[in-house]
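Heads up, the thing below is written out as structure tokens.
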Amino acid sequence: MLNIQTIGEKIMSNLEKVIVGKRQSLEMIVIGLLCEGHILIEDVPGVGKTMLARSLARSLDCVFNRIQFTPDMLPSDVTGISIYNQHKQEFEFRAGPIVGQIILADEINRATPKTQAALLEAMEEHQITVDGVTHPLPKPFMVLATQNPIEYEGTFPLPEAQLDRFLLRMRLGYPNILDEIRIMDDQQLAHPLASLQAVVKVEDILQAMQAVKKVYLSNAIKRYIVELSIRTRQSQEVYLGASPRGSLSLARAGQAKAALMGRDHVLPDDIKSLAVPVLAHRIIVSPAARLRDLSSEKIVQEILHATPAPGGTFTSDSGKK
């Protein structure tokens, strides 16, 4: 029998060999993987965003590709192009870096909106279309996009439609003093990434993705999720609230969280722990609230505090003893 908790623990323990002291962030990565979702990592340079993506690919024995976004990049630089082969007298598709399994979209906000849009079909439908021909992407397929929160010159903010396609937004943050010393020790002779081995088979990950969908969501939990989303739309501090995709994403992330905890049902605490990373990037703060330095994360936290969590039994009938 497939044990999702064991699979998640193997992946996180392996990632901790490279990414030190960031257990909660690594859990978010595994949740995104199990949900077949994509993650936006918004953080300063040098905290390990690229190493995290490379380590994840190695842990799963997946194909890793990196796309370094620049203002002069074209959509074909992402998806690939068709080139005419004179010997065969036909066009051949040359795949771009998006055709992989773990994709690092580095500094995604440096690309123009047209190039950013080239990612939309890939992220949403797991396929790309070049010259009218559709090419399916391999499974698992996950985009880890990064953006620098402190540099705005020469950047193009991500449109709401693309932000909404990320399952969650997270930050790694700086390590504490002991963890930073350990990082120096670990990399003194060689980088830990060089010796990292795969710990989970791709087939097991694909099975885990399907198993997560079967984790039980009670009606009370479903109502709680929808109430949180509705309150983001009704808040006076919000110009645009979370969409129904936000509710679906929060539900699926809750299922993955419960599975990683070894449960077959979702609890309110699962939803509370994920509401900010799943919903905050989906809402647009009103100008008046922005003037008061009120962030989307703070607004979601206030909504969580004001919304009563459901009580009662959250297991299915089959799960009762």
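Take the residues of region 284-321 that are at pLDDT 90 or above, farther than 24 Å from Val30 by Cβ and hydrophobic (A, V, I, L, M, F, W, C): which is surrounded by the fewest Cβ atoms within 10 Å (Cβ to Cβ)? Residue satisfying both the conditions and the ranking: Ala306.
Here Pro268 qualifies as surrounded by 15 or more Cβ atoms within 10 Å (Cβ to Cβ), farther than 30 Å from Pro159 by Cα and not assigned by TED's automatic domain parsing to the domain that holds Ile39.
Scanning region 23-51 for residues being assigned to a loop (DSSP other than H, G, I, E, B) and more than 27 Å from Gln207 (Cβ to Cβ) gives a total of 6. Taking the criterion of being touching a residue at least 24 places away in the same chain (Cβ under 8 Å) and either surrounded by fewer than 19 Cβ atoms within 10 Å (Cβ to Cβ) or in contact with a Cys (Cβ under 7 Å, 6 or more places away or on another chain) (or both), the residues of region 238-262 that qualify are Tyr239, Leu240, Ser243, Arg245, Arg252, Ala253, Ala256, Met261, Gly262. Counting the residues of region 137-189 that are exposed (fewer than 13 other Cβ atoms within 10 Å of the Cβ), modelled with pLDDT of 85 or more and either small (Gly, Ala, Ser) or within 27 Å of Ser247 (Cα to Cα) (or both) gives 1.
Looking only at residues in region 273-310 that are without any contact (Cβ under 8 Å) to a residue 24 or more places away in the chain and not in a helix (DSSP H, G or I), which one is nearest to the chain's Cα centre (by Cα)? The extreme case among them is Ser295.
Would it be correct to say that Arg223 is in contact (Cβ under 8 Å) with a residue 24 or more places away in the chain, of a type outside the set (Asp, Glu), out of contact with any Lys or Arg (no Cβ under 7 Å at 6 or more places or on another chain) and farther than 25 Å from Arg54 by Cβ? The answer is yes for Arg223. Hey, does region 95-108 have a residue that's polar (S, T, N, Q) and farther than 18 Å from Leu56 by Cα? Looking for residues that are polar (S, T, N, Q) and farther than 18 Å from Leu56 by Cα, one finds none in region 95-108, hence no.
Put simply, of Ile83, Ile98, Ile102 the only residue that is closer than 18 Å to Ile128 by Cα, in contact with an Asp or Glu (Cβ under 8 Å, 6 or more places away or on another chain) and in the same structural domain as Gly132 (by TED's automatic domain parsing) is Ile83. The residue that is surrounded by the most Cβ atoms within 10 Å (Cβ to Cβ), among those in region 28-64 that are acidic (Asp, Glu) and under 25 Å from Ile183 (Cα atoms), is Asp43.
Going by the structure shown, is Gln127 without any contact (Cβ under 8 Å) to a residue 40 or more places away in the chain and within 28 Å of Ser273 (Cα to Cα)? Even if it seems obvious, please write down each step before you answer.
Working: without any contact (Cβ under 8 Å) to a residue 40 or more places away in the chain: yes; within 28 Å of Ser273 (Cα to Cα): no.
No, not satisfied.
Scanning region 61-89 for residues that are acidic (Asp, Glu) and under 17 Å from Asn109 (Cα atoms) gives Asp72, Asp77.
The values are calculated or read from the model by the stated rules, or taken from the named source; none is laboratory data. Source: prediction; values computed, not measured. Quick reminder, even Gly has a Cβ in these numbers, built from the backbone with ideal geometry, and neighbours come from all protein chains shown.
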